[in-house]
Amino acid sequence: MAASDAHSGHQKPGALPAPGALRAGEHRSVADYAWEFLRRNPDYRADFQRSAGERGTARDTINPHWGLRFPADPAVAAGRAEIFWRPDIAPGVVIPLDADDATSDPPAARLGPVGPLRRDEDGLHLRMGGGLQLFLRGAARADGPLIVVLALDQDFGLRVRAVQALHRAVTGAEPPRSRLTAAQRLRLDRSLTALDGALNQESYRTIAETLFGAAVVEREIWKTSSVRGVTIRLVHTGKALMRGGYLKLLKGGL
């Protein structure tokens, strides 16, 4: 392998998610993609290990700059991991709700069945489909009447879109379409695959063959090929998303 073909990352191999966790074309939510990039971050993986208790279970605290409300095991892929993002990090994903103590007509909405949940001193954190997350503040209960709390700030539009998704879920309507286009999803999937190759110390050519197939790679002289340029950009994109760009992706909402 020529030296010019090797990637220049500093990550060590052996700390990657389980093979087969990623399949191009899967309909991941924005929150799923954010987690997939974060869980590949060697610094996060080390931080999680440091936060692990004596019996191998993480404590309820982790460095807040990761954007998580609770620690999450990086070995667990999106779809199976119980990921809870901080409301201030993901205003277009996390919806704050309070108990409706007043007598309302019509009555306030009730959630019905919900997904994974975590209770903490600040309230109850719930996950729903499509990457949506609810934060029931204080004494609010999932089976009680609830009211939505919306901050009138620069993220108001993102918050409203999340509330619309919640309304659809509560009323049984079809969930809203993700803001991610098919092309954006494909690029994110390819960036994840390229990132895995880079973290495994693979050459750009090997990564390109994984992404596009050996036949495509062999059509052009490698050092000047367009496929090589695309592959390098995908590796750089994957690394940027892993190193904090996932927060910007998450910030954009559902």
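Out of contact with any Leu (no Cβ under 7 Å at 6 or more places or on another chain), touching a residue at least 40 places away in the same chain (Cβ under 8 Å), in a helix (DSSP H, G or I) and surrounded by 16 or more Cβ atoms within 10 Å (Cβ to Cβ) - does that describe any residue in the stretch 127-141? Scanning the stretch 127-141, I find no residue that is out of contact with any Leu (no Cβ under 7 Å at 6 or more places or on another chain), touching a residue at least 40 places away in the same chain (Cβ under 8 Å), in a helix (DSSP H, G or I) and surrounded by 16 or more Cβ atoms within 10 Å (Cβ to Cβ), so the answer is no.
Among the residues in the stretch 180-195, are any outside any strand (DSSP E or B), closer than 23 Å to ARG243 by Cβ and of a type in the set (Ser, Thr, Tyr)? Checked against the condition, which is being outside any strand (DSSP E or B), closer than 23 Å to ARG243 by Cβ and of a type in the set (Ser, Thr, Tyr), the stretch 180-195 yields at least one hit. When the criteria are applied in full, ILE83 fails the requirement of being surrounded by 17 or more Cβ atoms within 10 Å (Cβ to Cβ) and at pLDDT below 90. Annotation: of all residues in the stretch 202-252 being out of contact with any strand residue (DSSP E or B) (no Cβ under 9 Å at 6 or more places or on another chain) and part of a loop (DSSP other than H, G, I, E, B), the one that is surrounded by the fewest Cβ atoms within 10 Å (Cβ to Cβ) is ILE221. Taking the stretch 149-187 as the range and being of a type in the set (Asp, Glu) and either surrounded by 13 or more Cβ atoms within 10 Å (Cβ to Cβ) or under 17 Å from the mean Cα position of the chain (by Cα) (or both) as the test, only ASP155 passes.
The values are calculated or read from the model by the stated rules, or taken from the named source; none is laboratory data. For clarity, every value in this text was computed on a predicted model and none was experimentally measured. Note that each Cβ is placed from the backbone with ideal geometry, even for glycine, and that neighbours are counted across all protein chains shown.
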